[in-house]
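The values are calculated or read from the model by the stated rules, or taken from the named source; none is laboratory data. Predicted model, so just to flag it, every value in this text is computed and none were measured. Reconstructed Cβ throughout: ideal geometry from the backbone, glycine too, with neighbour counts over all protein chains shown.
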Amino acid sequence: MAELDEEAARDLLKRTDARIWAAAGSIPLFQRPEVVAVRSNLANAGAFGFATPRYQDIGFKKAETDDRSKK
């Protein structure tokens, strides 16, 4: 808008348009299904989707105590 030369303004507009379309092809518009196999005793692991995994929260669950073994 600030360019006074019409030819230079058209050239800038074309370059801007090309950059916008180059970036638009890489924007995720929907979440793809993600299937992950994880052990049942592993906590906070699996399909994260758009989220970033917090590796400090991933770990094994505490062993469950069996009430029948106490009797």
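Details
- Checked against the criterion of being surrounded by fewer than 10 Cβ atoms within 10 Å (Cβ to Cβ) and on the phi < 0 side of the Ramachandran plot, the candidates Ala9, Ala43, Ala23 yield just one match: Ala23.
- Filtered residues of segment 1-50 (kept if within 30 Å of Glu64 (Cα to Cα) and among the small types (Gly, Ala, Ser)): Ala37, Ser40, Ala43, Ala45, Gly46, Ala47, Gly49
- Taking residues in segment 43-62 that are assigned to a loop (DSSP other than H, G, I, E, B), and partners anywhere that are among the acidic types (Asp, Glu), the pairs with Cβ atoms closer than 6 Å and at least 6 places apart or on different chains are Asn44/Asp57; Ala47/Glu34.
- Cross-chain or 6+ apart pairs with Cβ under 9 Å, segment 4-33 first and among the hydrophobic types (A, V, I, L, M, F, W, C), then loosely packed, with under 10 Cβ neighbours inside 10 Å: Ala9/Met1; Ala9/Ala2
- Matching option when the condition is among the charged types (D, E, K, R) and at pLDDT 80 or above, among Arg68, Arg15: Arg15
Residues are listed down the side, and each one gets a yes or a no for (1) part of a helix (DSSP H, G or I); (2) modelled with pLDDT under 85; (3) not hydrophobic (A, V, I, L, M, F, W, C):
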position: Ala2; (1), (2), (3): no, yes, no
position: Asp11; (1), (2), (3): yes, no, yes
position: Ala22; (1), (2), (3): yes, yes, no
position: Pro28; (1), (2), (3): no, yes, yes
position: Gln31; (1), (2), (3): no, yes, yes
